[in-house]
Each structure stands twice: as structure tokens, then as C-alpha cells.
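Right, one structure below, let's go through it.
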Amino acid sequence: MDIVFSTNPDFVFPSDEPEEPETLAPQQQKLHVRMERSGRGGKTVTVVDNFVGTTADLEALGKTLKTKCGVGGTVKDGQIIIQGDFRERVVTLLTAAGYKAK
């Protein structure tokens, strides 16, 4: 049943969108860092996934990693994708920030 109109001034329409999970503390995060080459035209990228939290926090972490590595990249589908093979540097940066990364 779809609600089109309500006379109740305090009525809140129900949302079908799933709520974003709250961002866990860095010590509770277990991030996975890996290198990928398949499906990218032979280009090598470093992928960080298993982040639990809001999209804004994921994008902030992605921006920090891209800046510290001095390369480009993107954040999409819950993953941070960094251009090039920076696995060791990314793991070092994440560990220094308090994340558990492997």
C-alpha cells in the first residue's frame, strides 16, 4: 500500500533505502589490501575493501591514501581503488592510522 497523502503534520514517510552503517573505530576495522590487474586493460591498481562505515568516511580515507601515495584513484562500490601497486605503502599508512590491514 502506497501512502500518497497524510493529514498528520508529524507523519514521516517510510524509506525503502537501507541506512548506512555507522563508521567503526579504526581499531575495529579489518581492511584487506590487494593488487588487481584483470579487467583493467593491463593497468595495475591497489584495492582496499571491507571498510565498515559511511560513504563520506570512506571517501575521506580514500582521499588521504591517494594524497599520501601521490597518485590518482577512486572510491566506488565500497572500495578504495588506487592507481599503481602501492600495497606495502597503503598497509603502512593504514596501520599508522590505527587500522588493521593485511
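Listing for the model above:
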item	result
Members of region 23-58 that are acidic (Asp, Glu) and closer than 18 Å to LYS100 by Cα	ASP49, ASP57
All strands (runs of 3 or more DSSP E) inside region 35-102 with 1 or more residues being open to solvent by 30 Å² or more (accessible area, probe 1.4 Å)	73-76, 79-83
Residues located in region 1-34, provided they are within 28 Å of GLN83 (Cβ to Cβ) and either open to solvent by less than 100 Å² (accessible area, probe 1.4 Å) or basic (Lys, Arg) (or both)	PRO21, THR23, LEU24, PRO26, GLN29, LYS30, LEU31, HIS32, VAL33, ARG34
Every pair of residues 6+ apart whose Cβ atoms lie under 7 Å, when the first sits in region 10-26 and is assigned to a loop (DSSP other than H, G, I, E, B) while the second is loosely packed, with under 10 Cβ neighbours inside 10 Å and at pLDDT below 80	PHE13/ILE3
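The values are calculated or read from the model by the stated rules, or taken from the named source; none is laboratory data. Just so it is clear, the model here is predicted, and its values are computed rather than measured. Quick reminder, even Gly has a Cβ in these numbers, built from the backbone with ideal geometry, and neighbours come from all protein chains shown. In case anyone asks, the SASA skips ligands and DNA or RNA and just uses the protein heavy atoms, side chains included. Shrake-Rupley method; radii C 1.70, N 1.55, O 1.52, S 1.80 Å.
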